[in-house]
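> Pasting a structure here, questions to come.
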Amino acid sequence: MKNEKTALTLKHLVVKHGDGCELCNNDESVLERNRCPHCKTIWAARDVSLQVYQGEILGVVGESGSGKSTLMKSLYMDMEPTEGEYFLDCYEQGQKNIFELSMQQKKYVRNYLLGMVYQNPYLGLRMFFSSGANVAEKLIAAGNRNVANMMNQCNRLLSHMEVPVSRVKEPPRNFSGGMQQRVQIAKAIANHPPILFLDEVTTGLDLSVQAKVLDLVKKIQLEYGITMIVVSHDLAVIRMLADRTIVMLDGKIVEEGLTDQIMEDPQHIYTQTLVNSLL
């Protein structure tokens, strides 16, 4: 852990798809996995609470449907939660619930304070715009209007992410998956946000490309001191990057601790299965 000062606090996040019924609203034991057999409501996140510290990388691991992506979408405000409280120390000294902000205030938080790198680059990039324009879009959203400064910053960021300057005017649709992710990372950190979310950024990439992307993530974390939440179903990725790890199953956190501790001495049977699959 880099710092004992909190960067992000999430309390009692609930995301459900459906109205719920008297049974599942009051007794989670009736659920089959995270689905109510009576009213068919899906509980994508059920009472998820966590803290992330400044300069830390928190890993989030779990199988498909465990609630990882729901957690990330809620934190980046791509999804409206059913219940919960969300505080950022870099916004109003951590005193305002981000979920209760106005649309304009939420836009400010997304543009200035948060960055997001999606598993699918098509969600994070405009594939028919140039790579430079993609990065500039984030700068413009944060109020930058000086064209020369933006061009210089775009070139610097993309070069830093090992995208050749000669290809800055090319659209990401011409690039490989690994290079698309590098453009996404450049865009996400364009405004030097204090917090960065990475959702399955290496899924579907060749092993050598995965290693390159992970090296870049580690590099920018060390260089900028960004607080990160990294989601993966792959414990090897989490082992390489994360200081602490939470394990999710059926919309809940079933285990959390230092990453080395999770790897060496898992307590929950599901975590034991995950770790054994890695060995």
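The values are calculated or read from the model by the stated rules, or taken from the named source; none is laboratory data. Being a predicted model, the structure only gives us computed values, none of them experimental. So basically every Cβ, Gly included, is an ideal-geometry build from the backbone, and we count neighbours across all protein chains shown. Accessible surface is based on the protein model in full, side chains and every heavy atom, while ligands, DNA and RNA are left aside. Shrake-Rupley method; radii C 1.70, N 1.55, O 1.52, S 1.80 Å.
> Residues that are surrounded by fewer than 16 Cβ atoms within 10 Å (Cβ to Cβ) and basic (Lys, Arg): which helices (runs of 4 or more DSSP H) entirely in region 193-279 hold 2 or more of them?
Those helices (runs of 4 or more DSSP H) span 207-224.
> Return a yes/no flag: does region 52-60 have any residue that is closer than 21 Å to Thr227 by Cβ, open to solvent by 60 Å² or more (accessible area, probe 1.4 Å) and modelled with pLDDT under 90.
No, there is no match, as no residue in region 52-60 is closer than 21 Å to Thr227 by Cβ, open to solvent by 60 Å² or more (accessible area, probe 1.4 Å) and modelled with pLDDT under 90.
> I'd like the full set of residues that are in a loop (DSSP other than H, G, I, E, B), out of contact with any His (no Cβ under 7 Å at 6 or more places or on another chain) and among the charged types (D, E, K, R), limited to region 43-92.
Passing the criteria: Glu56, Asp78, Glu80, Asp89.
> Looking at region 158-176 only, could you name the residues that are over 17 Å from Arg126 (Cα atoms) and either modelled with pLDDT under 85 or in a helix (DSSP H, G or I) (or both)?
Within region 158-176, Ser159, His160, Val165, Ser166 qualify.
> Is it true that Tyr91 is free of Cβ contacts under 8 Å to residues at least 24 places away in the same chain, of a type in the set (Phe, Trp, Tyr) and open to solvent by 70 Å² or more (accessible area, probe 1.4 Å)?
The answer is no for Tyr91.
> Among the residues of region 5-42, which ones are under 21 Å from the mean Cα position of the chain (by Cα) and within 28 Å of Leu258 (Cβ to Cβ)?
Answer for region 5-42, where residues must be under 21 Å from the mean Cα position of the chain (by Cα) and within 28 Å of Leu258 (Cβ to Cβ): Lys5, Thr6, Ala7, Leu8, Thr9, Leu10, Lys11, His12, Leu13, Val14, Val15.
Per-residue answers, yes or no, for (1) among the hydroxyl-bearing types (Ser, Thr, Tyr); (2) within 19 Å of Val230 (Cβ to Cβ); (3) buried (at least 21 other Cβ atoms within 10 Å of the Cβ):
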{"site": "Ser64", "(1), (2), (3)": "yes, yes, no"}
{"site": "Lys68", "(1), (2), (3)": "no, yes, yes"}
{"site": "Leu71", "(1), (2), (3)": "no, yes, yes"}
{"site": "Met77", "(1), (2), (3)": "no, yes, no"}
{"site": "Gly84", "(1), (2), (3)": "no, no, no"}
{"site": "Gln95", "(1), (2), (3)": "no, no, no"}
{"site": "Met103", "(1), (2), (3)": "no, no, no"}
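> Moving on. Restricting attention to region 112-156, and to residues there that are open to solvent by 80 Å² or more (accessible area, probe 1.4 Å) and assigned to a loop (DSSP other than H, G, I, E, B), which single residue is nearest to Glu200 (Cα to Cα)?
Restricting to residues being open to solvent by 80 Å² or more (accessible area, probe 1.4 Å) and assigned to a loop (DSSP other than H, G, I, E, B), the top hit is Gln119.
> Could you tell me whether region 65-81 includes any residue that is of a type in the set (A, V, I, L, M, F, W, C) and within 24 Å of Val275 (Cβ to Cβ)?
Scanning region 65-81 turns up at least one residue that is of a type in the set (A, V, I, L, M, F, W, C) and within 24 Å of Val275 (Cβ to Cβ).
> While we're looking at this one, here's another question. Which ones in region 177-192 are assigned to a loop (DSSP other than H, G, I, E, B) and of a type outside the set (S, T, N, Q)?
Matches in region 177-192: Ile189, Ala190, His192.
> Do you know which residues across region 1-42 are surrounded by fewer than 13 Cβ atoms within 10 Å (Cβ to Cβ), touching a strand residue (DSSP E or B) at 6+ places or on another chain (Cβ under 7 Å) and either outside any loop (DSSP other than H, G, I, E, B) or basic (Lys, Arg) (or both)?
Lys5
> Moving to a separate point now. Looking at (1) of a type outside the set (Asp, Glu); (2) in a helix (DSSP H, G or I); (3) at pLDDT below 95; (4) closer than 25 Å to Met77 by Cβ, find the lone condition where Gln105 falls short.
Condition (3) is where Gln105 drops out.
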